[in-house]
Amino acid sequence: MKLKKAILCLLAGLALSGVFTGCGSKDSENTLTVLNYGKYLDPEAIEMFEEETGIKIDYEEYVTPENMYTKYRAGAIDYDLICTSDYMIEKLIQEGEVLELNYKNIPLSENIDPAHFAFSQSFDPDNKYTLPYFFGTVGILYNKDMVDESKVNSWNILWDKEYSGQIIMADSVRDSFMVALKILGYSLNTTDEAKLKEAQDLLLKQKPLVYSYLVDEAQDEMISDNAAMAVVYSGEAGYALEFNDKLAFSVPEEGSNMWIDSWFIPKSAKHKENAEKFLDFLCREDISMMNFDYVYYATPNVKTKAALDLELQENTTIFPPAEILNNCEVLKPLDDEVTMKINLLWKEVKAAD
Amino acid sequence: MVKKSTERVYLALIFLFLYLPILVLIVLSFNDSKTRVQWGGFTLKWYQKLFSSGPIMEAFFTTLLISLASAVISTLLGMLAALGIDAMKKRNQAIMIGATNIPLLNADIVTGLSMMLLFVRFTQLGLTTVLIAHITFNIPYVILNVLPKLKQSSRTAYEAALDLGATPLYAFFKIIWPQICPGVFSGFLMAMTMSLDDFSITYFTKGAGINTLSTMIYTEMRKGIRPEMYALSTILFLLALVLLLFMNFGPSAHKDKNRN
Amino acid sequence: MYNLKRQLLAGPYLLWMAGFILLPVIMILYYAFTTTSGHFTLLNISSIFASIHLKSLFLSLKLALICTGVCLLLSYPLAMILNKMKEKSQGFIVFIFILPMWMNFMLRILAWKLLLSNNGVINTLLEALGLPALDILNTPSAVVFCMVYDFLPFMILPIYNAMARIEDDILEAASDLGAGAVTVFFKIIVPLTMPGVISGITMVFVPALTSFAISDLLGGGKVLLIGNVIEQAFMQEYNWNLGSGLSLVLMIFVIASMALMSAKGEEGGAGVW
């Protein structure tokens, strides 16, 4: 019994001292709370930033933009810096939730290609709020051994019964509907109920053929040869290609979505200066390079791109060429009513047999 | 004889069912290959990567901290509560025990979400909120382990000690404590186990940058599987093995046996 | 006098309960009965009857029942075999069956994912043996598989404990009085292990009914259980009122079925370990 008592006391002591020191360090002011997509920043970069500046980063990840919106809107955590996609940023700007960036504090933002600032004006008209991070398209990542390559130029291959049980579809409302809407020849920003319903019917028809609905995991499944094709973002495909030579990427001819992910400082920010310091850090050539190596998406950082091997610079999977981009649309935010509707339609697809 | 061997086969099958997945994880943790099914030679590099990975180690220590702290605090609160409940009238006792059972019966997801709603309304999510949540679902386990011991303990000895001039505190430690100690200890262990294994409640109540192993593995799995996870599984399995061996067959094990 | 003072020891616990059990339930109630703008509504509750919600509730019930049934079928004979073993090896064998439970819940899911995937260990083995592939990952079957794996020890232990408490004298007396093995089993063993069975069922059924992580990770986004619907309402759709309404329904559902269970037999929960 004595032994047990001793262990108990020891454990209690350990635990309590841990709690108190834990709370103590948590309260310190010099922190930065960052919210980002999964697998979208090299963890080593975070450690480097912490070492260089002494600012402690609380890093949190999410899966889909809708997921991000909920996390932010819940108000349970005061985020200082968030990275997300065009249409979601536009929605938050419209809602007055975004703070202006002070570019004086981000001198290295000059490394970012002005063309991308120009492009960002579609959702941030005066380039006041956002700093471009990565961009790309959506396409089909496929396994050359399993798929007839003559068919991958169309989204229709995702409905081909021949590949039943080998198709990975995007587990994200807007991306999935994008595919269906493009097949039907509609805009991916349509708010027309009948058109959305048509797209849903198409997705319902596809469901029996789908192996799984995934976002970040799709890449891993494709690398392991678990499926024949997957709807993925261009950078993910670029990364997967490095690990499995049987894989290839195609952006179908019906057109696709071009997206640009950017950083912004939300109204909840308590450490705006730290956030800007971190943004400047992300634009630094070495850090930007680290992140490029880690996520493999097209970087808008001119210096980083120039430093890459020529072969990589010309890699059309990672850096989509103009003719593909011209055929792509950018997502726009939908109003609350349409958002509810499309969410419900999507939920019905997910719940179907 | 036939019956005997059927039994053996049955045991073996269940054993295989329970251990095959773990075995796969362990084997893969030493596999030097990118794909999951091919053997590419023996390596320890996933273990090196594991120990040099900041987030994983941090999650490991957060898990330990949360489970230890919540187990200690809930043991204290639960033990006091059990002493109090034991002194109540029968009817009140029944009510209290009923109320204590609610969080045990309730679904994890509902417990977690309801706490999240509360925390969001009044404070920020962080480490403290996870701790509070864990303490809350741990207390009932302690109470339910201590109360039966109190019921068995003899009250007369305690009262005699008081009559003989012992202070209540002294009498408590000399007489009641030894009798309820096994209950307190098993309540503590159970609380710790529950806390170590919890996913849902932590998932809904944690703040930014805070991860226990469960929530971290969950987010990692949704991004794809990294071989470091296999190494982590192997280590956790060995830890559990050592801990359980110690508890069941260690120096103090035979005393526990008399509990039933 | 001393009695009253001692009752006060439960004070901190009472306060804690009020703050962190009662208050959160009130929050759920509040959200469940209001709209986003704070007006009273019953729509969140009644939306359980919407076809997709009913569908996922029934799927959850179906999977939970299958899982509980399979666990019971596997555990009962196992507990009997374990109970018959010699004293010496018994402790060790029981230990072997609890050990996997101490592995992290998430890692156990990970293991099944590896085993079951299209190109996973099981299929590679089957292929090597010339057998057809087993394509069950991302289907309800995979979810049930993993649930059984995760919750099996919760069924084994209480049944085993209940069985270990049956004294040999009773069994001997029964056979001395002329009862056959079958009679002994149904008239003595089954009734006496009922409390264990019931607490086992409770401990398996509730988590199986309300789980969302297993279906999330092994269902490939195709298996939508009621837990997933609630989780998505909270984490994806930012519709806390709907989420709370469905949670409330689930809570009532669980508590009602538990009340039904415990009315049938004495709670054996505390003796499980």
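The values are calculated or read from the model by the stated rules, or taken from the named source; none is laboratory data. This is a predicted model, so every value here is computed, not measured. So basically every Cβ, Gly included, is an ideal-geometry build from the backbone, and we count neighbours across all protein chains shown.
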Tell me which residues, restricted to segment B:97-117, are surrounded by fewer than 24 Cβ atoms within 10 Å (Cβ to Cβ), at the interface with another protein chain (Cβ under 7 Å from one of its Cβ atoms) and within 18 Å of residue C:207 (Cα to Cα).
B:102, B:103, B:105, B:106, B:108
Do we have any residue at all in segment C:153-175 that's crowded, with 16+ Cβ neighbours inside 10 Å, polar (S, T, N, Q) and closer than 30 Å to residue C:111 by Cα?
yes
Could you tell me which residue of segment A:276-316 is farthest from residue A:35 (Cα to Cα), considering only residues that are in contact with a helix residue (DSSP H, G or I) (Cβ under 6 Å, 6 or more places away or on another chain) and hydroxyl-bearing (Ser, Thr, Tyr)?
A:304
Looking only at residues in segment B:200-221 that are part of a loop (DSSP other than H, G, I, E, B) and of a type in the set (A, V, I, L, M), which one is farthest from the other protein chains (Cβ to nearest Cβ)?
B:210
Residue, farthest from the other protein chains (Cβ to nearest Cβ), within segment C:98-152, restricted to residues that are in contact (Cβ under 8 Å) with a residue 40 or more places away in the chain and assigned to a loop (DSSP other than H, G, I, E, B):
C:139
On the basis of being at pLDDT 90 or above, part of a helix (DSSP H, G or I) and under 24 Å from residue B:203 (Cβ atoms), does residue B:117 make the cut?
yes
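For (1) among the basic types (Lys, Arg); (2) without any contact (Cβ under 8 Å) to a residue 40 or more places away in the chain; (3) out of contact with any Pro (no Cβ under 9 Å at 6 or more places or on another chain), each residue gets a yes or a no:
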{"site": "C:164", "(1), (2), (3)": "no, no, yes"}
{"site": "C:169", "(1), (2), (3)": "no, yes, yes"}
{"site": "C:182", "(1), (2), (3)": "no, yes, yes"}
{"site": "C:187", "(1), (2), (3)": "yes, yes, yes"}
{"site": "C:191", "(1), (2), (3)": "no, yes, yes"}
{"site": "C:198", "(1), (2), (3)": "no, no, no"}
{"site": "C:219", "(1), (2), (3)": "no, no, no"}
{"site": "C:227", "(1), (2), (3)": "no, no, yes"}
Out of B:133, B:94, sole residue that is assigned to a helix (DSSP H, G or I) and within 8 Å of chain C (Cβ to nearest Cβ)
B:133
Residues to consider are A:144, A:128; find the one that is surrounded by fewer than 21 Cβ atoms within 10 Å (Cβ to Cβ), closer than 30 Å to residue A:74 by Cα and either at pLDDT 95 or above or over 20 Å from the mean Cα position of the chain (by Cα) (or both).
A:128
Please return the ranges of helices (runs of 4 or more DSSP H) entirely within segment C:163-273 where 2 or more residues are within 14 Å of chain A (Cβ to nearest Cβ).
C:213-218, C:226-235, C:240-264
Answer residue from segment A:186-218, given it is polar (S, T, N, Q) and more than 22 Å from residue A:328 (Cα to Cα) and is farthest from the other protein chains (Cβ to nearest Cβ) among those:
A:206
Do you know which of the residues in segment B:28-49 that are at pLDDT 90 or above and hydrophobic (A, V, I, L, M, F, W, C) is nearest to residue A:239 (Cα to Cα)?
B:46
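I need the full set of residues from segment A:228-248 which are more than 19 Å from the chain's Cα centre (by Cα) and over 22 Å from residue A:174 (Cα atoms), in order please. Show your work before the answer.
Taking segment A:228-248 first, the residues more than 19 Å from the chain's Cα centre (by Cα) are A:228-229, A:242-248.
Within segment A:228-248, A:228, A:242, A:243, A:244, A:245, A:246, A:247, A:248 meet the criteria.
Is it the case, given these coordinates, that residue B:71 is more than 27 Å from residue C:112 (Cα to Cα), buried (at least 20 other Cβ atoms within 10 Å of the Cβ) and more than 14 Å from chain C (Cβ to nearest Cβ)?
yes
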Within segment B:42-59, identify whether any single residue is β-branched (Val, Ile, Thr), surrounded by 21 or more Cβ atoms within 10 Å (Cβ to Cβ), more than 11 Å from chain C (Cβ to nearest Cβ) and within 26 Å of residue B:228 (Cβ to Cβ), and answer yes or no.
yes
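Looking only at segment C:83-90, decide whether some residue is crowded, with 17+ Cβ neighbours inside 10 Å and either basic (Lys, Arg) or in a helix (DSSP H, G or I) (or both).
There is at least one residue in segment C:83-90 that is crowded, with 17+ Cβ neighbours inside 10 Å and either basic (Lys, Arg) or in a helix (DSSP H, G or I) (or both).
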With the requirement that a residue be under 24 Å from the mean Cα position of the chain (by Cα) and more than 15 Å from residue A:340 (Cα to Cα), what does segment A:187-206 give you?
A:187, A:188, A:199, A:203
Residue check: is residue A:105 more than 25 Å from residue A:323 (Cα to Cα) and touching an Asp or Glu at 6+ places or on another chain (Cβ under 7 Å)?
yes
Does residue B:180 satisfy the criteria of being within 18 Å of residue B:70 (Cα to Cα), buried (at least 23 other Cβ atoms within 10 Å of the Cβ) and under 23 Å from the mean Cα position of the chain (by Cα)?
no
Within segment A:72-94, which residues are at the interface with chain B (Cβ under 9 Å from one of its Cβ atoms) and within 16 Å of residue A:265 (Cα to Cα)?
A:75, A:77, A:78, A:79
For a quick check of your reading of the model, give me the residue pairs whose first member lies in segment A:43-68 and is free of Cβ contacts under 8 Å to residues at least 12 places away in the same chain, whose second is of a type in the set (Lys, Arg) and not in a helix (DSSP H, G or I), with beta-carbon atoms closer than 9 Å and at least 6 apart or on different chains.
A:50/A:56
In this structure, does residue B:51 turn out to be more than 18 Å from the chain's Cα centre (by Cα) and closer than 24 Å to residue B:197 by Cα?
yes
